[in-house]
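Asker: I have a structure I would like to understand better, so I am pasting it below and will then ask my questions one at a time.
The values are calculated or read from the model by the stated rules, or taken from the named source; none is laboratory data. Note that this is a predicted model, so its numbers are computed, not measured. Note that we place each Cβ from the backbone using ideal geometry, even for glycine, and neighbour counts take in every protein chain shown. Ligands, DNA and RNA are stripped out before the accessible areas are found, and what is left, the full protein with its side chains, is counted by its heavy atoms. Shrake-Rupley method; radii C 1.70, N 1.55, O 1.52, S 1.80 Å.
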Amino acid sequence: MDIPIWLILALLCIILLYIYSQHPYKLWKALQVKGPEPKIFFGNIHEIFGPCGGKETFAKWQSRFGRVYGIYYFREPALVVTEPDWIKQVFIKDYNNFRDRMAFENNILLNPELNTALFFARGDDWKRVRAIMSPSFSIAKIKGMSETVNRCAQRLGEHLLKFAEDGVPWQAKRMLGAYAIDVITSSGFSIDVDSISNPDEPFSSHGRSLFVFKESFKIITFLASAFPVVMSPISKMLRIWTFRNDDMEFFERSIKLLMRQRKTDKSDIYDILQNLMEAESEESPEGCKSKLTSDEIVAQGIMLFIAGYETASSTLQFLLYELATRKDVMKKITDEIDDVIGDQEPTYELCQNLKYTEAAINETLRMYPPLSVLTRECSKPTKLFHLNLPSKTAVIIPVYNLQRDPEFWKNPNEFNPERFIEGSPSYRPYNPLTFMPFGIGPRLCIGMLLGLLEMKLALAHIFKRVSITKATPDILLLNDFTMVLQPSTPIKVYCTPRI
Ligand code: HEM
């Protein structure tokens with residue numbers, strides 16, 4: 001009997017699909033690492049993306065498998081770690097082997113403009129770009145930026161005072177996001193936009209939409225990760241990327257225009273863009289270790305908007321939300337701002353003396369780390385303690401869970417800035433490897449000092465003028481899809497002028 005050719009082909013496809021689907025899920029069993037049972041194509045990711053979200057799923061897995069266990073991020077093996085010694089080994093001691101971040105979905109969905117941006121750059125490219133960018137974020141440079149950031153913070157304070165006088169609530173993320181955008185445009189690019197008074201200002205509206213992900217994006221991410229071979233050409237052809245094309249085009253256009261203007265009228269501006277432009281080279285960066293191409297400069301510029309927009313504004317909104325129910329903490333912050341700054345203009349040096357305010361910021365970052373998960377990936381076969389990890393194995397640190405772990409933090413769900421104040425009854429020396437909202441090791445956040453200054457100046461100008469009376473929603477639910485922590489419902493803040 002002749003077997004029809006279509007049947008043979010169909011059977012062959014089924015067998016190949018079966019082999020393709022089973023192939024990656026062997027590593028953890030072979031290394032005798034415990035972990036949840038993977039599902040074909042999706043590994044364990046359906047649980048992280050499911051209704052419980054990452055935070056609850058990681059907590060559940062930790063209680064079942066301990067502080068080091070293996071999962072599959074779609075088809076990629078990833079070791080999940082909340083054991084401080086292991087974190088130290090990956091992020092600090094053996095950082096040379098774990099320099100790169102995990103390439104989620106093999107970075108198939110990453111907008112091509114961002115391939116060389118510091119956050120996503122890999123290997124020696126990352127090293128070169130980081131070395132060029134680091135001087136822009138030194139203490140001396142941040143001090144130099146403080147007047148500019150202060151002007152933005154003053155505008156924020158004055159604007160919120162108007163809301164308070166009119167008895168109108170304001171949407172926290174919108175106002176604080178506009179402030180974050182103003183800080184980046186002015187300190188990074190010396191453009192004085194006022195997105196706080198003008199929410200339709202294009203820098204602000206494009207910045208805002210960067211982190212608005214539609215439900216359909218979840219499905220695309222799923223498909224891209226499960227079927228990278230099929231989805232890679234489709235996403236290229238249809239230009240389906242993580243960040244919206246029109247936002248990318250706007251930032252790219254604006255940065256290129258600025259670069260052209262600066263080349264024609266040589267100015268004495270010295271900001272982050274100028275620092276990057278001084279490293280510009282016509283040649284390919286290969287072989288010239290301290291240079292950037294103009295596309296790489298644009299990539300870093302766009303990156304600053306992405307990295308600086310969400311993080312500081314998100315931290316400030318969670319802090320103000322907490323203060324609405326913690327009037328005792330708000331009073332201590334207000335008193336400290338009155339004592340340390342009073343009627344003076346806040347400066348970098350004065351902000352260094354806002355110790356209680358800094359503790360409240362730290363406590364917010366502990367409870368609400370803007371990046372709820374950090375990752376690294378080994379670039380070659382690596383021995384991590386007793387485990388022989390093959391090249392490209394990822395390590396995932398669920399920072400949200402680490403920073404709310406009762407073994408490391410007493411009453412972890414209680415907002416208590418005093419736990420960061422030495423000498424206070426709640427203070428306990430903590431292990432820095434259990435508090436990493438800015439990351440840790442050589443690849444930690446490059447904008448940390450700027451972010452901290454930006455938040456302190458904002459608080460100084462807000463609490464000089466207003467007090468918070470209430471914030472909604474009454475019950476705060478958190479969403480951590482894409483590993484960026486956000487409130488499920490926008491936070492609204494009600495203020496009253498200070499008398
Ligand atoms: C509250 C404020 C901020 C927080 C909590 C924060 C947090 C983080 C975290 C967790 C990382 C990853 C670190 C790691 O993997 O170890 C990161 C990286 C980064 N951040 Fe921030 N960030 C903040 C503000 C900023 C600002 C204001 C900028 C610049 C304008 C910035 C630029 C960057 C860049 C470029 C990277 C990539 C660094 C690299 O890969 O070398 N961040 N940030």
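Asker: Hey, can you tell me all the residues within the stretch 437-451 that are of a type outside the set (Phe, Trp, Tyr) and near the ligand (Cβ under 7 Å from one of its atoms)?
Answerer: Going residue by residue through the stretch 437-451, those that are of a type outside the set (Phe, Trp, Tyr) are 437, 439-451.
Once the filter is applied, which keeps residues that are of a type outside the set (Phe, Trp, Tyr) and near the ligand (Cβ under 7 Å from one of its atoms), the stretch 437-451 yields PRO437, GLY439, ILE440, GLY441, ARG443, LEU444, CYS445, ILE446, GLY447, MET448, LEU450, GLY451.
Asker: Give the stretch 105-129 a look and list any residue that's within 19 Å of PHE227 (Cα to Cα) and assigned to a loop (DSSP other than H, G, I, E, B), or say none.
Answerer: Going through the stretch 105-129, the residues within 19 Å of PHE227 (Cα to Cα) turn out to be 105-111.
Within the stretch 105-129, ILE108, LEU109, LEU110, ASN111 qualify.
Asker: Here are some conditions: (1) small (Gly, Ala, Ser); (2) at pLDDT 85 or above; (3) under 26 Å from ILE297 (Cβ atoms). SER197 meets all but one. Which one does it not meet?
Answerer: Here SER197 meets the rest and fails (3).
Asker: Mind telling me which of the residues ILE306, ILE333, ILE341 ends up being hydrophobic (A, V, I, L, M, F, W, C) and more than 23 Å from CYS495 (Cβ to Cβ)?
Answerer: ILE306
Asker: Could you list, ordered by first residue, the pairs with Cβ atoms under 7 Å in which the first is in the stretch 133-161 and in contact (Cβ under 8 Å) with a residue 60 or more places away in the chain and the second is aliphatic (A, V, I, L, M) and open to solvent by 40 Å² or more (accessible area, probe 1.4 Å), at least 6 apart or interchain?
Answerer: Within 7 Å, the pairs are PHE137/LEU449; ILE139/LEU449; ILE142/LEU449.
Asker: Does VAL33 satisfy the condition of being in contact (Cβ under 8 Å) with a residue 24 or more places away in the chain, under 26 Å from ARG443 (Cα atoms) and open to solvent by less than 50 Å² (accessible area, probe 1.4 Å)?
Answerer: no
Asker: Is it the case that LEU161 is at pLDDT 90 or above and over 26 Å from ILE302 (Cβ atoms)?
Answerer: Here the answer is yes, as LEU161 does meet what is asked.
Asker: Among the residues of the stretch 235-253, count how many are over 19 Å from ILE181 (Cα atoms), among the aliphatic types (A, V, I, L, M) and open to solvent by less than 60 Å² (accessible area, probe 1.4 Å).
Answerer: Of the residues in that region, 1 qualify.
Asker: OK, next. Counting only residues that are open to solvent by 10 Å² or more (accessible area, probe 1.4 Å) and either away from the ligand (no atom under 16 Å from the Cβ) or within 17 Å of TYR348 (Cα to Cα) (or both), how many does the stretch 129-163 have?
Answerer: Looking only at that region, the number is 20.
Asker: Which of the residues that make up the stretch 313-360 are open to solvent by 10 Å² or more (accessible area, probe 1.4 Å) and within 14 Å of the ligand (Cβ to nearest atom)?
Answerer: Listed by number, the list holds a single entry, GLU358.
Asker: For the stretch 36-76, enumerate the residues that are among the small types (Gly, Ala, Ser), closer than 18 Å to ILE219 by Cβ and free of Cβ contacts under 8 Å to residues at least 40 places away in the same chain. First the steps, then the outcome.
Answerer: Our first condition is that a residue be among the small types (Gly, Ala, Ser); within the stretch 36-76, this holds for 43, 50, 53-54, 59, 63, 66, 70.
Then drop every residue that is not closer than 18 Å to ILE219 by Cβ, which leaves 43, 50, 53-54.
Within the stretch 36-76, GLY43, GLY50 qualify.
Asker: Looking at the structure I just gave you, is ARG99 open to solvent by 30 Å² or more (accessible area, probe 1.4 Å), modelled with pLDDT of 90 or more and under 28 Å from PHE189 (Cβ atoms)? Please lay out each step first, then the result.
Answerer: Values: open to solvent by 30 Å² or more (accessible area, probe 1.4 Å): yes; modelled with pLDDT of 90 or more: yes; under 28 Å from PHE189 (Cβ atoms): no.
It is false that ARG99 is open to solvent by 30 Å² or more (accessible area, probe 1.4 Å), modelled with pLDDT of 90 or more and under 28 Å from PHE189 (Cβ atoms).
Asker: Then there is this: Taking the stretch 67-87 as the search range and keeping residues that are under 20 Å from the mean Cα position of the chain (by Cα) and at pLDDT 95 or above, which one is nearest to SER391 (Cα to Cα)?
Answerer: Checked the stretch 67-87; the qualifying residue nearest to SER391 (Cα to Cα) is ALA78.
Asker: Which of the residues belonging to the stretch 452-499 are charged (D, E, K, R) and away from the ligand (no atom under 16 Å from the Cβ)?
Answerer: Answer for the stretch 452-499, where residues must be charged (D, E, K, R) and away from the ligand (no atom under 16 Å from the Cβ): LYS464, ARG465, LYS470, ASP474, LYS492, ARG498.
Asker: Please work out if TRP126 is among the hydrophobic types (A, V, I, L, M, F, W, C), more than 10 Å from the ligand (Cβ to nearest atom) and in contact (Cβ under 8 Å) with a residue 24 or more places away in the chain.
Answerer: When the stated conditions are applied, TRP126 does not pass them.
Asker: Just to be sure, is ILE196 surrounded by fewer than 18 Cβ atoms within 10 Å (Cβ to Cβ) and either more than 16 Å from the ligand (Cβ to nearest atom) or more than 20 Å from the chain's Cα centre (by Cα) (or both)?
Answerer: Considered against the rule, which asks whether it is surrounded by fewer than 18 Cβ atoms within 10 Å (Cβ to Cβ) and either more than 16 Å from the ligand (Cβ to nearest atom) or more than 20 Å from the chain's Cα centre (by Cα) (or both), ILE196 comes out as no.
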